[in-house]
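Student: I have a structure I would like to understand better, so I am pasting it below and will then ask my questions one at a time.
The values are calculated or read from the model by the stated rules, or taken from the named source; none is laboratory data. Because the structure is predicted, anything quoted here is derived from the model rather than measured. Here Cβ is always computed from backbone atoms with ideal geometry, including for glycine, and neighbour counts include all displayed protein chains.
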Amino acid sequence: MAKNSFGSEDKYLKSVLILKIQMLLFIQKQKNDLDEKIKKYVDENLSQEFSIVTSIAGVGQNTAEKFLIEIGEDINIYKSHKQLRAFMGMDPTIKQSGSSINVNGKISKRGNAHLRRTLWQMASAVKRYSPTFEEYYQKKRNEDKKYKQAVIAVANKLIKTLYALLKNKSHYSENYRNQLKVIYN
């Protein structure tokens with residue numbers, strides 16, 4: 001009975017509710033179809049890059065696919081991590097008047113909003129699952145940074161890391177710093 005009950009006997013409200021449910025189901029089907037197409041595209045064209053991006057603990061399949069789709073197929077179109085960061089809108093704002101320059105630390109948000117949101121999701125997860133990024137997050141919090149400021153700092157570190165990994169076609173290693181100490185000591 002509960003499946004067929006609408007809580008109201010008004011036939012107009014009932015028909016509107018049925019239409020809204022049908023619309024929701026249609027949108028969910030479109031989203032699933034789009035997710036499948038993205039997954040297929042990444043599997044066929046960006047499998048190596050996908051493997052590199054997901055080598056960082058906390059970066060999942062969905063965020064890695066979205067990230068790779070948004071930045072494009074070739075990381076070499078960005079001359080540096082700073083250019084990639086600016087493309088995302090994660091670069092700091094600079095206010096200048098005369099000879100004084102004020103860098104107030106807020107991000108510009110001039111870039112790709114979808115990519116910025118995806119990077120925020122990646123940074124939020126990475127700070128929980130990767131010891132290196134968790135340590136960096138705690139360092140920023142100990143410097144009296146607010147939660148959002150600390151996550152943005154992690155996101156910027158993640159941009160640098162992802163850029164370097166994709167540019168060099170290498171996988172992430174949590175022990176990288178320890179390996180460097182052994183090599184240089």
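Student: Restricting attention to the range 5-42, which residues are of a type in the set (D, E, K, R), farther than 30 Å from PHE67 by Cβ and either in contact (Cβ under 8 Å) with a residue 12 or more places away in the chain or not in a helix (DSSP H, G or I) (or both)? Steps first, please.
Tutor: Residues of the range 5-42 that are of a type in the set (D, E, K, R), as a first pass: 9-11, 14, 20, 29, 31, 33, 35-37, 39-40.
Right, trim to farther than 30 Å from PHE67 by Cβ and you get 9-11, 14, 20.
Passing the criteria: GLU9, ASP10.
Student: State the number of residues belonging to the range 43-80 that are part of a helix (DSSP H, G or I) and either surrounded by fewer than 19 Cβ atoms within 10 Å (Cβ to Cβ) or of a type outside the set (Val, Ile, Thr) (or both). Walk me through how you get there before you give the answer.
Tutor: Pass one, the range 43-80, residues part of a helix (DSSP H, G or I): 43-45, 47-53, 61-71, 75-77.
Checking the rest, the ones that are also either surrounded by fewer than 19 Cβ atoms within 10 Å (Cβ to Cβ) or of a type outside the set (Val, Ile, Thr) (or both) come to 43-45, 47-51, 61-62, 64-70, 76-77.
Residues in the range 43-80 being part of a helix (DSSP H, G or I) and either surrounded by fewer than 19 Cβ atoms within 10 Å (Cβ to Cβ) or of a type outside the set (Val, Ile, Thr) (or both): 19 in total.
Student: Which condition number in (1) modelled with pLDDT of 90 or more; (2) among the aromatic types (Phe, Trp, Tyr); (3) under 19 Å from VAL53 (Cβ atoms); (4) loosely packed, with under 15 Cβ neighbours inside 10 Å is the one that TYR176 fails?
Tutor: So TYR176 meets the others, but not (1).
Student: What number of residues within the range 49-85 satisfy the criterion of being over 20 Å from LYS157 (Cβ atoms) and at pLDDT 90 or above? Outline the logic, then answer.
Tutor: Step one: of the range 49-85, the residues over 20 Å from LYS157 (Cβ atoms) are 50-51, 61-62, 65, 69, 72-74, 76-77.
If we keep only those that are at pLDDT 90 or above as well, we get 50-51, 61-62, 65, 69, 77.
Of the residues in that region, 7 qualify.
Student: Determine whether the range 9-20 contains at least one residue that is surrounded by 14 or more Cβ atoms within 10 Å (Cβ to Cβ) and modelled with pLDDT of 80 or more.
Tutor: Looking for residues that are surrounded by 14 or more Cβ atoms within 10 Å (Cβ to Cβ) and modelled with pLDDT of 80 or more, one finds at least one in the range 9-20, hence yes.
Student: In addition: Just to verify a result, which residue in the range 86-109, among those that are part of a loop (DSSP other than H, G, I, E, B) and at pLDDT 80 or above, is surrounded by the fewest Cβ atoms within 10 Å (Cβ to Cβ)?
Tutor: The qualifying residue surrounded by the fewest Cβ atoms within 10 Å (Cβ to Cβ) is LYS109.
Each row is one residue, and each column tells you yes or no for (1) at positive phi; (2) touching a Phe, Trp or Tyr at 6+ places or on another chain (Cβ under 9 Å).
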residue	(1), (2)
LYS106	no, no
LYS109	yes, no
ARG116	no, no
LEU119	no, yes
PHE133	no, no
TYR137	no, no
ARG141	no, yes
VAL151	no, yes
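Student: Tell me the residue from ILE56, ILE75 that is in contact (Cβ under 8 Å) with a residue 60 or more places away in the chain, closer than 17 Å to LYS169 by Cα and within 14 Å of the chain's Cα centre (by Cα), please. Step through it out loud before you land on a result.
Tutor: Numbers: ILE75 fails: within 14 Å of the chain's Cα centre (by Cα).
Of ILE56, ILE75, the one residue that is in contact (Cβ under 8 Å) with a residue 60 or more places away in the chain, closer than 17 Å to LYS169 by Cα and within 14 Å of the chain's Cα centre (by Cα) is ILE56.
Student: In the range 59-72, which residue that is aliphatic (A, V, I, L, M) and under 15 Å from ASP35 (Cβ atoms) is nearest to the chain's Cα centre (by Cα)? Lay out the reasoning, then the answer.
Tutor: The first filter runs over the range 59-72 and keeps only residues aliphatic (A, V, I, L, M), leaving 59, 64, 68-69, 71.
Among the residues that remain, those that are also under 15 Å from ASP35 (Cβ atoms) are: 64, 68-69.
On the way: ALA64: 8, LEU68: 10, ILE69: 11 Å.
By that ranking, first place goes to ALA64.
Student: Please name all residue pairs, on different chains or six or more residues apart, with Cβ atoms under 6 Å, provided the first residue is in the range 86-111 and is over 18 Å from VAL154 (Cα atoms) and the second residue is modelled with pLDDT under 75 and among the charged types (D, E, K, R).
Tutor: Matching pairs, first to second residue: ASN102/LYS95.
Student: So, one more: Where residues in the range 131-164 are under 16 Å from the mean Cα position of the chain (by Cα) and among the β-branched types (Val, Ile, Thr), which of them is nearest to LYS109 (Cα to Cα)?
Tutor: This residue is ILE152.
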